[in-house]
Ligand code: BDP
């Protein structure tokens, strides 16, 4: 009984929803313009979980065909948010299976001659969407947008019912992968008992995580825009390609303008695909670089037929040498953090005050780069990275890939996800590198085939950026780093190994760096994770693991080694983590992972001051360090 129920759960999860992306379709962010209206459906929706034993009652009874409250009790649920921490009910927090959402909306009857689309910024993990009982769209994957055209389903003169079913089950075929474990021993577990096993160190928040928007565009419309920039002397070269939808063979009038930050036209064309030149260009630079104007953004204003769309972009180039990253042909040292989309109550739900606070604190820390560990972040977060000049290593949800997750179906899905990811973020100046995975089993033979394919595919999608994955394997066991542009490696010396012994960090890390270099002399190195669990407020002298003192001491030891190699081929450091975050329950996690330099409420621990002194001194020679902590950041000439 238990195993057939398992079969059904997974079938419902992966069978019904195993749909592929709609290829060739753009996914531009919904922006209002003279020709487009954008309405949000965010707010309080009705919600219920399908807690039937096999989780498929909603499908058997076709809950989408009637108002959700007629199927059973519903509760109010905030959209966007994760549903897990909104109530005080463990059954909601830890639910695995299909959760059902519903809301009502109107469309204006003026929209009948337009294309009306319903767009979801992200629903975790599988989503099925019905409008008035008719299926509008499905999506497989938890962190990227999807949309469907709903003209044929809506009532133009009365209210419309929108039903969304969300399944958070992680299987060996999802990204991130996971598995369902059934307990069959009925002397120890009730009949039908199962748990969701995770292969990642963060809570599997679920629900409608980002905006739900209805937007309109003309029948003949701008479907996609690709912008790739280059620099020639003082000029910016803008290569662009605009794809139209709905025009068939019909030719439409086209006007393209490049607008500067004040809205003045600085270049133009009347072709859908062209190269235009911005004379005396203002380049996009990360904010901490002393050269140039940080984060200068232009706009590509596209007018095609009756449609108008404005796509922001920056002019910059990305490169790599054996010594490190280049932005606009100048060396860029990445001093940053790894992050999570994580907060109390709303989970991974989009939240503007939180985004604003995070960027404020990134700048307070002197961060010039973050990694979107371990999945694509909200478009509204990346907008801030573009506009505030913080470089992003854009990571896909390939976290925790084991050998049994490296089959042909996994590769195919991984490539789909990379396609959707590149499609979404291809015009963002802040994004310099794609990370295809975090800590996979890159030491097994299968990894060579798997990552060869995924990394080369990603590079073929976007040759203008770098591609990597994050390794926690050794220089002599990793079989996939040979495909990357920058070797990114995670290490926990003095934490998971030699716990409490900060005195060995310097030697071990230096040996590690030298070994990587010896085996891969043409690839620069970036430390993509290091850190120590720290309960805010705990102090002890001499330091002890989990105290703030230990975190400061441990990080200081790493910094000494970074500074030795920084002037050479060591191109960046990311501390794990920007802030504390919640994980699955476990005896090594004290109400979540406490390796943040900030608390989950985004308040500094002692290590945040250490990092702030270090990072600010790196780009501002006039910065006066607080010197509250032992290790003084050396001046460049002392290196
Ligand atoms: C690394 C993982 C990260 C974990 C971290 C840790 O990449 O997701 O949270 O370790 O253990 O292995 O804190």
Q. Do we have residue 478 as farther than 30 Å from residue 328 by Cβ, within 16 Å of the ligand (Cβ to nearest atom) and either buried (at least 20 other Cβ atoms within 10 Å of the Cβ) or over 27 Å from the mean Cα position of the chain (by Cα) (or both) here?
A. yes
Q: Give the residue that is farthest from the ligand (Cβ to nearest atom), with candidates limited to residues of the stretch 500-538 that are within 16 Å of residue 472 (Cβ to Cβ) and part of a strand (DSSP E or B).
A: 525
Q: Taking residue 101 as meeting all but one of (1) assigned to a loop (DSSP other than H, G, I, E, B); (2) crowded, with 19+ Cβ neighbours inside 10 Å; (3) at pLDDT 95 or above, write down the number of the exception.
A: (1)
Q: Please work out if residue 395 is buried (at least 24 other Cβ atoms within 10 Å of the Cβ) and within 16 Å of the ligand (Cβ to nearest atom).
A: yes
**Q.** Test: residue in the stretch 325-339 that is outside any strand (DSSP E or B), at pLDDT 95 or above and within 19 Å of the chain's Cα centre (by Cα)
**A.** yes
Q. When the residues of the stretch 399-408 are filtered to those that are in a helix (DSSP H, G or I) and either modelled with pLDDT under 95 or surrounded by fewer than 17 Cβ atoms within 10 Å (Cβ to Cβ) (or both), which remaining residue is nearest to the ligand (Cβ to nearest atom)?
A. 403
Q: Taking the options 411, 392, 417, name whichever one is in a helix (DSSP H, G or I), assigned by TED's automatic domain parsing to the domain that holds residue 478 and within 13 Å of the chain's Cα centre (by Cα).
A: 417
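Taking the stretch 433-469 on its own, how many of its residues are without any contact (Cβ under 8 Å) to a residue 60 or more places away in the chain and either within 16 Å of the ligand (Cβ to nearest atom) or not in a helix (DSSP H, G or I) (or both)?
12
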Q: Considering only the stretch 423-445, state which residues are within 10 Å of residue 401 (Cβ to Cβ) and touching a helix residue (DSSP H, G or I) at 6+ places or on another chain (Cβ under 8 Å).
A: 436, 437, 440, 441, 442
Q | Scan of the stretch 136-157 for residues that are more than 30 Å from residue 203 (Cα to Cα) and either crowded, with 23+ Cβ neighbours inside 10 Å or more than 27 Å from the chain's Cα centre (by Cα) (or both), ordered by number | A | 150, 151, 152, 153, 154, 155, 156, 157
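Name the single residue, out of those in the stretch 172-181 being more than 16 Å from the ligand (Cβ to nearest atom) and in a loop (DSSP other than H, G, I, E, B), that is surrounded by the most Cβ atoms within 10 Å (Cβ to Cβ).
For the stretch 172-181, the residue satisfying everything is 174.
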Q) Does residue 588 satisfy the condition of being within 14 Å of the ligand (Cβ to nearest atom), more than 23 Å from residue 321 (Cα to Cα) and either surrounded by fewer than 20 Cβ atoms within 10 Å (Cβ to Cβ) or without any contact (Cβ under 8 Å) to a residue 60 or more places away in the chain (or both)? A) yes
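Looking at the stretch 182-218, which of its residues are within 32 Å of the chain's Cα centre (by Cα) and assigned to a loop (DSSP other than H, G, I, E, B)?
Within the stretch 182-218, 199, 200, 201, 202, 203, 204, 205, 206, 209, 210, 211 qualify.
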**Q.** Yes/no for residue 541 being in the same structural domain as residue 335 (by TED's automatic domain parsing), more than 15 Å from the ligand (Cβ to nearest atom) and touching a strand residue (DSSP E or B) at 6+ places or on another chain (Cβ under 7 Å)
**A.** no
Q: Return the total of residues in the stretch 591-630 being at pLDDT below 90 and surrounded by fewer than 19 Cβ atoms within 10 Å (Cβ to Cβ).
A: 12
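The values are calculated or read from the model by the stated rules, or taken from the named source; none is laboratory data. The structure presented is a predicted model; accordingly, all values stated were derived computationally and were not measured. Positions of Cβ are generated from backbone atoms using ideal geometry, with glycine treated the same way; all protein chains shown enter the neighbour counts.
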